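Notes follow once the structure below has been shown.
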Amino acid sequence: MTTPQITDSHCHLDFPDFDGELPDLISRANDAGVTRMVTICTRLRNADTVRAISDAHAPVFWAAGTHPLSAHEEPLASVDELIALTEHPKMVGIGETGLDYHYSADSIEIQQKSLRIHIAAARETGLPLIIHARAADDDMARILREEHENGAYSCVMHCFSSSAELGRAALDLGFYLSMSGIAAFPKSQEVRDIFAAAPIDRILVETDAPYLAPPPHRGKRNEPAYSALTAKVGADTFGMNYADFAAKTQENFDRLFAKAAAYEAG
């Protein structure tokens, strides 16, 4: 029987946790049916490193932005700088960007400014915005709505574990929600309920590796192969068999990350 294929839509393969292991890591992912992955650059000064990983490994695409927790430490990105990065054929998304007031409430102003710059780049390029949101639901929903009124753009709420209200706000704008290992934790029924109430055609899966490993690996290093474990919980959440759920998430990824789909087709 052929293993259903899925995509790890968000991981961090440039992190030192994976030094020297990428060929084996990608092989394990492929064995689990995880045939594509998007590795995310969180500081633009690391873009060359992340791009090189994508160039060296056929299943790996990349995205770049300034993580909200780094926004106060890094030079403020410009729209033109972000757009220039998208000239690479395997650069497929803008971010991750967003708001995180849990650890960095003192950098709210710069986080919001950085977020709006990333949204402008996503709008101009047509590539999806990749959002990190924590402890900032009201501002997150407000800015996403305000900017959408200024001109449509596409977006995924990465590692979604926020409130039902923010989930609905994102879905109402046509955005996508991505399931991480958090959705597979036994005590995450509230998160699973939010996903179950969402349209199946707006769901992605991810690891956020090396973080947030799903059971039975919780507390250990996460890796792209484990997105299959989260996807199996996703299938149960939607009352679907695994193959059908996997196929649906692939369709969703191809629709949102159309540049990656077109690259493969080409």
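The values are calculated or read from the model by the stated rules, or taken from the named source; none is laboratory data. Keep in mind it's a predicted model, so treat the numbers as computed, not measured. Methodologically, a virtual Cβ is constructed for each residue, glycine included, from the backbone with ideal geometry; neighbour enumeration extends over all protein chains shown. When the accessible area is computed, the model is the full protein with side chains, heavy atoms only, and any ligands, DNA or RNA have been set aside. Shrake-Rupley method; radii C 1.70, N 1.55, O 1.52, S 1.80 Å.
Given (1) open to solvent by less than 10 Å² (accessible area, probe 1.4 Å); (2) farther than 26 Å from I6 by Cα; (3) of a type outside the set (D, E, K, R), where does I94 come up short, assuming only one miss?
The one condition I94 does not meet is (2).
Report whether or not G20 is under 23 Å from S154 (Cα atoms) and either surrounded by 14 or more Cβ atoms within 10 Å (Cβ to Cβ) or free of Cβ contacts under 8 Å to residues at least 40 places away in the same chain (or both). Can you show your working first?
Values: under 23 Å from S154 (Cα atoms): no; either surrounded by 14 or more Cβ atoms within 10 Å (Cβ to Cβ) or free of Cβ contacts under 8 Å to residues at least 40 places away in the same chain (or both): yes.
No; evaluated as a whole, the condition is false for this residue.
Filter the range 16-59 for residues that are outside any helix (DSSP H, G or I), basic (K, R) and closer than 20 Å to E264 by Cβ and give the result.
R36
Out of the helices (runs of 4 or more DSSP H) lying entirely within the range 81-150, which hold 3 or more residues that are in contact with a Leu (Cβ under 7 Å, 6 or more places away or on another chain) and either of a type in the set (S, T, Y) or without any contact (Cβ under 8 Å) to a residue 40 or more places away in the chain (or both)?
108-125, 137-150
In the range 234-248, which residue that is crowded, with 21+ Cβ neighbours inside 10 Å and not aromatic (F, W, Y) is farthest from A198 (Cα to Cα)?
For the range 234-248, the residue satisfying everything is A246.
A quick yes/no check of all residues on (1) touching a Phe, Trp or Tyr at 6+ places or on another chain (Cβ under 9 Å); (2) under 20 Å from H12 (Cβ atoms); (3) modelled with pLDDT of 95 or more; (4) open to solvent by 20 Å² or more (accessible area, probe 1.4 Å):
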residue	(1), (2), (3), (4)
M140	no, no, yes, no
E165	no, no, yes, yes
L171	no, no, yes, yes
M179	yes, yes, yes, no
E190	no, no, yes, yes
P199	no, no, yes, yes
L204	yes, yes, yes, no
D208	no, yes, yes, no
Q250	no, no, yes, yes
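Residues in the range 27-37: is at least one under 20 Å from H132 (Cβ atoms) and at pLDDT 95 or above?
Scanning the range 27-37, I find at least one residue that is under 20 Å from H132 (Cβ atoms) and at pLDDT 95 or above, so the answer is yes.
Are any residues in the range 23-64 touching a residue at least 12 places away in the same chain (Cβ under 8 Å), open to solvent by 10 Å² or more (accessible area, probe 1.4 Å), of a type in the set (S, T, N, Q) and under 22 Å from Y263 (Cα atoms), and if so, which ones?
Listed by number, the residues that qualify are N30, T35, T49.
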